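To keep things clear, I will list the structure first and then write my remarks on it.
The values are calculated or read from the model by the stated rules, or taken from the named source; none is laboratory data. Fair warning: this is a prediction, and the values are worked out from it, not measured in the lab. Glycine also receives a Cβ, built like all others from the backbone with ideal geometry; neighbour counts cover every protein chain displayed. Note: areas computed on protein heavy atoms with side chains; ligands, DNA, RNA excluded. Shrake-Rupley method; radii C 1.70, N 1.55, O 1.52, S 1.80 Å.
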Amino acid sequence: MIRAGLIACLVFAACSAPPEENGAPVREPLPDDIKRSGTAFLQPDTRALQADDFANPGFLWIDRGEALFRAGVDGSKACAACHGEDGADLAGAAAHYPLVDAASGELLNIEGRINQCREQHQSLPPLEYESDNLLALTAYVAHLSRGEPVSVDVTGPAAQYYEMGREYFFTRRGQLNLACSQCHNEHWGEKLRGDTISQGHGNAFPAYRLEWQTLGSLHRRLNDCDEGVRAEPMPLGSETYKAVELYLAKRAEGLPIETPGVRR
Ligand code: HEC
Ligand code: HEC
């Protein structure tokens, strides 16, 4: 009933009261005093699972990523040979992604940077998006920034991608004709399909989702949200989703990286 109520409210503008409490759509950027990580909206048991490094299933992926990081493949140099045995060189790096790579002009998220290193520094083929090994390496690299506040550059060559992501966030789509902003700016804190809608931040990704029974990327989560409004989702790793990732990171500025998150 709650679900039907909220969807009707969103789709038919039939809300009983305007969602002033949570902030109107014009409230951009999200003010710091109301900005909260998705973890704050979880059920206590899910939150406890995330907080326990031994029970958090995401740590199996961190371990796998660490092993890959230290191993050279087919005679190639290991990641660790260039970035330090425990990845010390990369501490804090993930908090500044996505970014525009100066050399190629391409918008890179962590997945993209790892694949660039494989191609340019290891002479290895890129890993497929959402493959177990790319997820494990991405989670490992992100985890090296755990606790680091998200802080991205959206000026210069990044500005066009920021605008692209922002536009995606505010554009209605799908059969339900809903924009990201309608759920994550205007209705966070409300119930939908057994979830409490969060502000839609990406700072805990890659995250272990109980519904997936595995670790997944932020782009996979975006796919689920697009499918939730019955829109055609964008391909994982696409420029559009990377641009949305950049917009979300700017919007989440100051929140700590929490990878690996645990989600319902
Ligand atoms: C109909 C409402 C709805 C719409 C529209 C929607 N989402 Fe979501 N979104 C959810 C729900 C429900 C969840 C799971 C609970 C949560 O974390 O918010 C979620 C989760 C997320 C998360 C993960 C947050 C976390 O901490 O785990 C992100 C990021 C996100 N959405 C971004 C988006 C983006 C970007 C769009 C537009 C492309 C979008 N959402 C559209 C309802 C929606
Ligand atoms: C032969 C040395 C070498 C190897 C091997 C290598 N990298 Fe890199 N990596 C670099 C260099 C150099 C940079 C700086 C950007 C550039 O010039 O490509 C970099 C940049 C990065 C960055 C971005 C750091 C930042 O501050 O933005 C990440 C993340 C990264 N590498 C991860 C990896 C991973 C994971 C592997 C293994 C799959 C790997 N690298 C293998 C040399 C290497």
* So, of the residues in region 234-257 that are over 13 Å from the mean Cα position of the chain (by Cα) and not in a loop (DSSP other than H, G, I, E, B), which turns out to be surrounded by the fewest Cβ atoms within 10 Å (Cβ to Cβ)? -> Glu239
* When only residues in region 152-166 that are open to solvent by less than 50 Å² (accessible area, probe 1.4 Å) and touching a helix residue (DSSP H, G or I) at 6+ places or on another chain (Cβ under 9 Å) count, which is nearest to Cys180 (Cα to Cα)? -> Gly165
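Might you let me know whether region 167-174 holds any residue that is assigned to a loop (DSSP other than H, G, I, E, B), open to solvent by 20 Å² or more (accessible area, probe 1.4 Å) and not hydroxyl-bearing (Ser, Thr, Tyr)?
First, the residues of region 167-174 that are assigned to a loop (DSSP other than H, G, I, E, B): 171-172, 174.
Next cut, open to solvent by 20 Å² or more (accessible area, probe 1.4 Å) only: 171-172, 174.
Applying the additional criterion that residues be not hydroxyl-bearing (Ser, Thr, Tyr) yields 172, 174.
Within region 167-174, one or more residues are assigned to a loop (DSSP other than H, G, I, E, B), open to solvent by 20 Å² or more (accessible area, probe 1.4 Å) and not hydroxyl-bearing (Ser, Thr, Tyr).
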* To do: Test Ser76 against the stated conditions and say whether it is outside any helix (DSSP H, G or I) and touching a Ser or Thr at 6+ places or on another chain (Cβ under 9 Å).
  => yes
* Structure fact -> Ala71 vs (1) modelled with pLDDT under 95; (2) farther than 19 Å from Leu135 by Cα; (3) among the hydrophobic types (A, V, I, L, M, F, W, C): all pass except (2)
* Asked: Across region 186-221, which residue is nearest to ligand 2 (Cβ to nearest atom) among those that are within 8 Å of the chain's Cα centre (by Cα) and not in a loop (DSSP other than H, G, I, E, B)?
  -> Leu218
* Asked: Which one of these is farther than 17 Å from Asp63 by Cβ, small (Gly, Ala, Ser) and away from ligand 2 (no atom under 12 Å from the Cβ): Ser151, Ser145?
  -> Ser151
* Structure fact -> Subset of region 48-64, residues open to solvent by 80 Å² or more (accessible area, probe 1.4 Å) and in contact (Cβ under 8 Å) with a residue 24 or more places away in the chain, comes to Arg64
* **Lone unmet requirement of (1) surrounded by fewer than 21 Cβ atoms within 10 Å (Cβ to Cβ); (2) more than 16 Å from ligand 2 (Cβ to nearest atom); (3) assigned to a helix (DSSP H, G or I) for Cys183** => (1)
